[in-house]
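**Student:** There's a structure below that I have some questions on.
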Protein chains: 2
Amino acid sequence: MKTDIEISQEADLRPITEIAEKIDLNSDDIELYGKYKAKIPLSVLKKFDTNPDGKLILVTSINPTPAGEGKSTVTVGLADAFNRLGTKAMAALREPSLGPVMGIKGGATGGGYAQVLPMEDINLHFTGDIHAITTANNAVAAFLDNSLQQGNPLNIDPRRITWKRVLDLNDRSLRHVNIGLGGVVNGIPREDGFDITVASEIMAVLCLATSYADLKARLSVIVVANTYDRKAVTIGDLGVAGAIAMLLKDALKPNLVQTIEGTPVLIHGGPFANIAHGCNSVLATKTALKLADVTITEAGFGADLGGEKFLDITTRQLPKNPDAVVIVATIRALKMHGGVGKKELTTENLPALEAGFANLKRHIENMQSYGLPVIVALNQFASDTVAEIEKLIALTKALNVPVSLTNVYEKGGAGAQDLAEKLADLLKEKSEFHYLYPLESSISEKIQDVVTKIYGGKSVTFTVKAKRQMKEIEANGWANLPVCMAKTQYSFSDNATLLAAPKDFEITVRELVPKIGAGFIVALTGDVMTMPGLPKQPAALKMDIDEDGKISGLF
Amino acid sequence: MKTDIEISQEADLRPITEIAEKIDLNSDDIELYGKYKAKIPLSVLKKFDTNPDGKLILVTSINPTPAGEGKSTVTVGLADAFNRLGTKAMAALREPSLGPVMGIKGGATGGGYAQVLPMEDINLHFTGDIHAITTANNAVAAFLDNSLQQGNPLNIDPRRITWKRVLDLNDRSLRHVNIGLGGVVNGIPREDGFDITVASEIMAVLCLATSYADLKARLSVIVVANTYDRKAVTIGDLGVAGAIAMLLKDALKPNLVQTIEGTPVLIHGGPFANIAHGCNSVLATKTALKLADVTITEAGFGADLGGEKFLDITTRQLPKNPDAVVIVATIRALKMHGGVGKKELTTENLPALEAGFANLKRHIENMQSYGLPVIVALNQFASDTVAEIEKLIALTKALNVPVSLTNVYEKGGAGAQDLAEKLADLLKEKSEFHYLYPLESSISEKIQDVVTKIYGGKSVTFTVKAKRQMKEIEANGWANLPVCMAKTQYSFSDNATLLAAPKDFEITVRELVPKIGAGFIVALTGDVMTMPGLPKQPAALKMDIDEDGKISGLF
């Protein structure tokens, strides 16, 4: 089979103006970025304000494994499938970060015949949103250090600065740095560090903001440091909330692109699903709900991380609750959860499949616990045997959950038509969505709810530091915010090696980080990587551009 | 009078497709970035290959002073004036860096009624070129540090890494940093520093490259470090020249915008005029030469820095030599050169004007020494008295040099019509351009030529370090490159306080920096600032965005 980039370069891209027409946007409703990308200004939401909101489907997955699940691919193929069936559908996806693209082969625009185009642009600089966030984040840092240098009128304690700088690269050497060296004119020496841009609170803020006014208000309350007497210092205190919002003027507008089959897709915002909430922007989803009859959105990592956060954080900012959940699983990945090594995945192994099914089962029950109808998308691989497929279907049906075999990588939308048809039936049911926890619960209760009801853990332990921070959060009046769990994506537990459905484990919350602009409290469990490193042979070594500007080696 | 941003927001912007039509570009020849910006792909140069090159005018100035000269404003107004006279003219300008925009009020898109639009976009993220350069520069750094971390196969000496990281911000705290701290998994500890992005060699390379192949070749030979046995390590050695060129795919395409009067302008590339050559991209100028009858381009700082470098560095990459030089001067600035303080500039002072004229005179003679016809643009300010204007005109005419009174800030193109008419006459003369020095001269001879023939200095002293580096440069076979002087912009000398036309001074070259990708050897004199700081009250404090996304406080 052809590579993703070959398939994408052979695709018949339509001018984005034509794609826009499919969702009733004329040329004045969009801002072109080349022929195949466009931004949708916020005025469009107002223009279509009286449109009813369409149906909203969340695509999530089992805990990811090195075998790959194909969640984005299924999301893209599913949107294509709905359109094939005559239902006006759009997908809303996250923007890829450049760092991992340059480091480890693998894009974020689907694959095979279920791709979003133009994939080179989307995976590189796209429309500049992430660069704007990098700039905004680092401008805050520069203003903060300048305030220290210019007499420190805000009484900032340089040891209590929590705001880090960012770059959209994998660069481990910048995780821990000392800055302000070189004498009086070169700043105040202090410890600092760089995260990858998608870990910036500004990315989370951009993805949760609903207007320019809301953006500015959220930026204004972001905590960047503490004073010597332990009072929070915000971007508003630095006096630059307006300037930082200004830098995000265009970044706040959702980006319109297309699938290989010409389905309109919004790709906008890409916060980490560990340190942040891992969902595309609220504005993109709101816009799609107004313009399409069915919107399909995807959350990062598995249903325990991105899925839970979509339901408990993002949904609170949306005009409507989700109507159904698709859980993507593969036989390969379930066999890994059942204890099979990566090299033995092509060998039929029914007992391992059954053992690994425990992971899928818990995710199904979790999503059902929100009152949502669930369907399993079994994303087919060539190595899956008939017996394995039949086994998985039987196991799922035994739970009274519908299941559909998808093959969108090879077949595009045709490979998800059955899934779309079954979903259309599910969408006729009235969902009775409710959040996992009320905002009024204490921070500790909210975390316990997630750990015991979603992760299946026994209990939560808080470090002394986390307990102290919990008191500070309450004293500051922030206790009514939802929690954003930072946990390994590979396991329900905080131990990446405990696959399938571990039980009786404890989760230790070692630190709480208030993200007041984003509007959640991050609970750190274990080590969370906020600046990835490069591998020994980075993917970039194979990337190239020829004399005509044609790119190769990018996936 | 209205502010620049008010004038710009009231202007009647035409769709950029209309502006493109004026220079015979159809909608397939441009890539839109919103309605008012477009990129011109490199294929357009091929398409118009058989067009003859138009005339090329360089706009430069006296040594800048805090009084302001208005070089960009005159450049923009002059292009408008030519079009008013029925001559198809374009301007080619540098892109502004965001750092200074956020720090110190003042844009780079002209002023008053001689502005390039949309000024907010151009002064903020524009089409993302500078962000792409930031990313490319820092990707090189990440790959370099990753190579160190992964067993150091290239034998790089961490103490001899010359490649710095960059951000497009004013951020003094990042000038000197220690990175790679925090233990084994977090890199190799070493000293590092951040420059502002426009000081990156990649910016210089982008501005001098003539094709994707040339871009990649230049990137490939950029020296980033030395080995323990003092051999140069390049981006090519890191194996990522193709990937880095790929990151610059769109950034290499010139950007088309318009003046308030609808004149097409290319704004592309903005290297520092101290550490680098200070001119817009060769591709922008080449493109304009094919599309217009007259191209007006501007070089950074005064004629001793940006002017000299345009003629001795940039011109060597152009298909044709310049045809005439405009030197912009103001009575205010010349009075400062004559010893008047900033607060006394509104008082008539003929003796000071005459004393300060020495600065203009030397610049005129310098530009004439290249065999080029010269005209002085006297950029009028309200405080100029009739006697002062008459005096300056008389002094200039005594040198047999034409002079024109301009007032483009208030009048737009109408304020430079006389200048355009006089230039049209000058352009009928055949210029006999020749470079200041042949490339075959030694590095030391080339520097001496610049210092004695352009700066008017007595001699050059090289530090021991510079002498050693000169030998290394010769040994590496780089001695045939032009030199790029890094000197204060405020004086002909390396002492910023020596105004007008100092004599008998010595210049000390303290260090030579080979920029092999750009294709020049930087000669550092005095301290060169490659990362500016923020002032006590940054301009950003006044910037804001309202609910409808309208920007205020940006100039």
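**Student:** Kindly indicate whether any position in region B:45-54 is under 30 Å from B:D304 (Cα atoms) and in contact with an Asp or Glu (Cβ under 7 Å, 6 or more places away or on another chain). Reasoning before the result, please.
**Tutor:** Step one: of region B:45-54, the residues under 30 Å from B:D304 (Cα atoms) are B:53-54.
Now narrow it down to the ones that are in contact with an Asp or Glu (Cβ under 7 Å, 6 or more places away or on another chain): B:54.
Within region B:45-54 (the criterion being under 30 Å from B:D304 (Cα atoms) and in contact with an Asp or Glu (Cβ under 7 Å, 6 or more places away or on another chain)), the answer is yes, since at least one residue qualifies.
**Student:** Condition (residue is more than 8 Å from chain B (Cβ to nearest Cβ), assigned to a helix (DSSP H, G or I) and under 21 Å from A:A243 (Cα atoms)) applied to region A:156-165: is it met by at least one residue?
**Tutor:** No, the conditions are met nowhere in region A:156-165.
**Student:** On to the next question. Taking the condition farther than 30 Å from A:T263 by Cα, in the same structural domain as A:G306 (by TED's automatic domain parsing) and assigned to a helix (DSSP H, G or I), does A:A414 pass?
**Tutor:** On the way: farther than 30 Å from A:T263 by Cα: no; in the same structural domain as A:G306 (by TED's automatic domain parsing): yes; assigned to a helix (DSSP H, G or I): yes.
So A:A414 fails the test.
**Student:** Across region A:327-345, what is the number of residues that are part of a strand (DSSP E or B) and over 16 Å from the mean Cα position of the chain (by Cα)? Break it down stepwise before answering.
**Tutor:** If we filter region A:327-345 for residues that are part of a strand (DSSP E or B), which is where we start, we get A:327-329.
Now narrow it down to the ones that are over 16 Å from the mean Cα position of the chain (by Cα): A:329.
Final tally of qualifying residues: 1.
**Student:** Can you name the residue in region A:519-534 that is more than 8 Å from chain B (Cβ to nearest Cβ) and not hydrophobic (A, V, I, L, M, F, W, C) and is also most open to solvent (accessible area, probe 1.4 Å) among such residues? I'd like the intermediate steps shown before the answer.
**Tutor:** Residues of region A:519-534 more than 8 Å from chain B (Cβ to nearest Cβ): A:519-532.
Okay, now just the ones that are also not hydrophobic (A, V, I, L, M, F, W, C), so A:519, A:525-527, A:530, A:532.
Numbers: A:G519: 16, A:T525: 5, A:G526: 30, A:D527: 147, A:T530: 25, A:P532: 27 Å².
So, considering only residues that are more than 8 Å from chain B (Cβ to nearest Cβ) and not hydrophobic (A, V, I, L, M, F, W, C), the one most open to solvent (accessible area, probe 1.4 Å) is A:D527.
**Student:** Something else about it: Name the one entry in B:T87, B:T60 that is open to solvent by less than 10 Å² (accessible area, probe 1.4 Å), modelled with pLDDT of 95 or more, out of contact with any Ser or Thr (no Cβ under 9 Å at 6 or more places or on another chain) and of a type in the set (V, I, T). Please lay out each step first, then the result.
**Tutor:** On the way: B:T87 fails: open to solvent by less than 10 Å² (accessible area, probe 1.4 Å).
When all the criteria are applied, what remains is B:T60.
**Student:** Kindly list the number of the only condition in (1) touching a residue at least 24 places away in the same chain (Cβ under 8 Å); (2) under 30 Å from B:A479 (Cβ atoms) that fails for B:S552.
**Tutor:** (2)
**Student:** With respect to A:I30, determine if the residue is under 25 Å from the mean Cα position of the chain (by Cα) and within 14 Å of chain B (Cβ to nearest Cβ). Before you say what the answer is, go through the steps one by one.
**Tutor:** Details: under 25 Å from the mean Cα position of the chain (by Cα): yes; within 14 Å of chain B (Cβ to nearest Cβ): yes.
Considered against the rule, which asks whether it is under 25 Å from the mean Cα position of the chain (by Cα) and within 14 Å of chain B (Cβ to nearest Cβ), A:I30 comes out as yes.
**Student:** In the list A:D12, A:D29, which residue meets the criterion of being open to solvent by 80 Å² or more (accessible area, probe 1.4 Å) and assigned by TED's automatic domain parsing to the domain that holds A:L291? Even if it seems obvious, please write down each step before you answer.
**Tutor:** On the way: A:D29 fails: open to solvent by 80 Å² or more (accessible area, probe 1.4 Å).
When all the criteria are applied, what remains is A:D12.
**Student:** Provide a single number: the residues in region A:186-208 that are open to solvent by less than 10 Å² (accessible area, probe 1.4 Å) and either over 18 Å from A:T135 (Cα atoms) or β-branched (V, I, T) (or both).
**Tutor:** 7
**Student:** Does at least one position in region B:217-237 carry a residue that is in contact (Cβ under 8 Å) with a residue 24 or more places away in the chain and at the interface with another protein chain (Cβ under 8 Å from one of its Cβ atoms)?
**Tutor:** no
**Student:** Of A:L144, A:L117, which residue is open to solvent by less than 10 Å² (accessible area, probe 1.4 Å), under 19 Å from A:I5 (Cα atoms) and in contact with a Phe, Trp or Tyr (Cβ under 8 Å, 6 or more places away or on another chain)? Even if it seems obvious, please write down each step before you answer.
**Tutor:** On the way: A:L144 fails: under 19 Å from A:I5 (Cα atoms).
None of the others qualify; the one that does is A:L117.
**Student:** Hey, another quick one. Open to solvent by 10 Å² or more (accessible area, probe 1.4 Å), over 30 Å from A:Y435 (Cα atoms) and not acidic (D, E): is that true of A:K391 in this structure?
**Tutor:** Numbers: open to solvent by 10 Å² or more (accessible area, probe 1.4 Å): yes; over 30 Å from A:Y435 (Cα atoms): yes; not acidic (D, E): yes.
For A:K391, the condition - open to solvent by 10 Å² or more (accessible area, probe 1.4 Å), over 30 Å from A:Y435 (Cα atoms) and not acidic (D, E) - is met.
**Student:** Return a yes/no flag: does region B:176-189 have any residue that is more than 18 Å from A:F194 (Cβ to Cβ) and out of contact with any Lys or Arg (no Cβ under 9 Å at 6 or more places or on another chain). Please lay out each step first, then the result.
**Tutor:** Filtering region B:176-189 for residues more than 18 Å from A:F194 (Cβ to Cβ) gives B:184.
Narrowing further to those that are out of contact with any Lys or Arg (no Cβ under 9 Å at 6 or more places or on another chain): B:184.
Checked against the condition, which is being more than 18 Å from A:F194 (Cβ to Cβ) and out of contact with any Lys or Arg (no Cβ under 9 Å at 6 or more places or on another chain), region B:176-189 yields at least one hit.
**Student:** Residue check: is B:I521 assigned to a strand (DSSP E or B) and of a type in the set (A, V, I, L, M, F, W, C)?
**Tutor:** So B:I521 passes the test.
**Student:** Follow-up question, since we're still on this one. What is the residue count in region B:291-308 for residues that are farther than 30 Å from B:P66 by Cα and assigned to a loop (DSSP other than H, G, I, E, B)?
**Tutor:** Total satisfying the criteria: 2.
**Student:** Next question. Somewhere in region A:513-536, is a residue more than 23 Å from A:F301 (Cα to Cα) and without any contact (Cβ under 8 Å) to a residue 40 or more places away in the chain?
**Tutor:** Within region A:513-536 (the criterion being more than 23 Å from A:F301 (Cα to Cα) and without any contact (Cβ under 8 Å) to a residue 40 or more places away in the chain), the answer is yes, since at least one residue qualifies.
**Student:** Open to solvent by less than 20 Å² (accessible area, probe 1.4 Å) and farther than 30 Å from B:E6 by Cβ: does that describe B:I516?
**Tutor:** On the way: open to solvent by less than 20 Å² (accessible area, probe 1.4 Å): no; farther than 30 Å from B:E6 by Cβ: yes.
So B:I516 does not fit the description; no.
**Student:** Condition first: in a helix (DSSP H, G or I) and within 24 Å of the chain's Cα centre (by Cα). Now tell me which residues in region B:371-411 satisfy that. Even if it seems obvious, please write down each step before you answer.
**Tutor:** Of all residues in region B:371-411, those in a helix (DSSP H, G or I) come to B:386-397, B:408-411.
Listed by number, the residues that qualify are B:V408, B:Y409.
**Student:** Now for a different question. A:I122 is checked against (1) open to solvent by less than 10 Å² (accessible area, probe 1.4 Å); (2) more than 9 Å from chain B (Cβ to nearest Cβ); (3) touching a helix residue (DSSP H, G or I) at 6+ places or on another chain (Cβ under 9 Å) and fails just one. What number does that condition carry?
**Tutor:** (3)
**Student:** Can you tell me which residue in region A:494-513 is farthest from A:T463 (Cα to Cα), limited to those that are touching an Asp or Glu at 6+ places or on another chain (Cβ under 8 Å) and either assigned to a loop (DSSP other than H, G, I, E, B) or open to solvent by 10 Å² or more (accessible area, probe 1.4 Å) (or both)? Even if it seems obvious, please write down each step before you answer.
**Tutor:** Taking region A:494-513 first, the residues touching an Asp or Glu at 6+ places or on another chain (Cβ under 8 Å) are A:505, A:507-508.
Remaining after also requiring either assigned to a loop (DSSP other than H, G, I, E, B) or open to solvent by 10 Å² or more (accessible area, probe 1.4 Å) (or both): A:505, A:508.
Details: A:F505: 16, A:T508: 7 Å.
Top of the filtered list is A:F505.
**Student:** Is there any pair with a first residue in region A:185-204 that is among the polar types (S, T, N, Q) and a second that is at pLDDT 95 or above and open to solvent by 10 Å² or more (accessible area, probe 1.4 Å) whose Cβ atoms are under 7 Å apart and which are 6 or more apart or on different chains, and what are they?
**Tutor:** The qualifying pairs are A:N186/B:R172; A:N186/B:R175; A:N186/B:H176; A:T197/A:I130; A:T197/A:T134; A:T197/A:D168.
**Student:** A follow-up question, please. Of all the residues that make up region B:430-469, how many are assigned to a helix (DSSP H, G or I) and within 26 Å of the chain's Cα centre (by Cα)? Even if it seems obvious, please write down each step before you answer.
**Tutor:** If we filter region B:430-469 for residues that are assigned to a helix (DSSP H, G or I), which is where we start, we get B:443-455, B:464-469.
Filter again for within 26 Å of the chain's Cα centre (by Cα), leaving B:443-455, B:466.
Residues flagged as assigned to a helix (DSSP H, G or I) and within 26 Å of the chain's Cα centre (by Cα) within region B:430-469 amount to 14.
**Student:** Considering only region B:462-487, state which residues are touching an Asp or Glu at 6+ places or on another chain (Cβ under 7 Å), closer than 23 Å to B:F310 by Cα and surrounded by fewer than 22 Cβ atoms within 10 Å (Cβ to Cβ).
**Tutor:** Passing the criteria: only B:N480.
**Student:** Right, something else. Can you find even one residue in region A:189-196 that is within 11 Å of another protein chain (Cβ to nearest Cβ), over 19 Å from the mean Cα position of the chain (by Cα) and not in a strand (DSSP E or B)?
**Tutor:** Among the residues of region A:189-196, at least one is within 11 Å of another protein chain (Cβ to nearest Cβ), over 19 Å from the mean Cα position of the chain (by Cα) and not in a strand (DSSP E or B), which makes the answer yes.
**Student:** From the residues in region B:543-555 that are buried (at least 16 other Cβ atoms within 10 Å of the Cβ) and either over 30 Å from A:G151 (Cβ atoms) or not acidic (D, E) (or both), which one is farthest from the other protein chains (Cβ to nearest Cβ)? It would help to see each step written out before you state the result.
**Tutor:** If we filter region B:543-555 for residues that are buried (at least 16 other Cβ atoms within 10 Å of the Cβ), which is where we start, we get B:543-545, B:549, B:551-555.
If we keep only those that are either over 30 Å from A:G151 (Cβ atoms) or not acidic (D, E) (or both) as well, we get B:543, B:545, B:549, B:551-555.
Values: B:M543: 4, B:I545: 4, B:G549: 5, B:I551: 5, B:S552: 8, B:G553: 7, B:L554: 7, B:F555: 12 Å.
For region B:543-555, the residue satisfying everything is B:F555.
**Student:** Which of the following residues is in contact with a helix residue (DSSP H, G or I) (Cβ under 6 Å, 6 or more places away or on another chain) and surrounded by fewer than 24 Cβ atoms within 10 Å (Cβ to Cβ): B:P100, B:P66? Before the answer, list the steps.
**Tutor:** Working: B:P100 fails: in contact with a helix residue (DSSP H, G or I) (Cβ under 6 Å, 6 or more places away or on another chain).
Checking each option against the conditions leaves just B:P66.
The values are calculated or read from the model by the stated rules, or taken from the named source; none is laboratory data. Treat the numbers as computed from the prediction; the structure is a model and nothing was measured. In this analysis, Cβ positions are derived from the backbone assuming ideal geometry, glycine residues included, and neighbour counts consider all displayed protein chains. Surface accessibility is based on the protein's heavy atoms, side chains included, excluding ligands, DNA and RNA. Shrake-Rupley method; radii C 1.70, N 1.55, O 1.52, S 1.80 Å.
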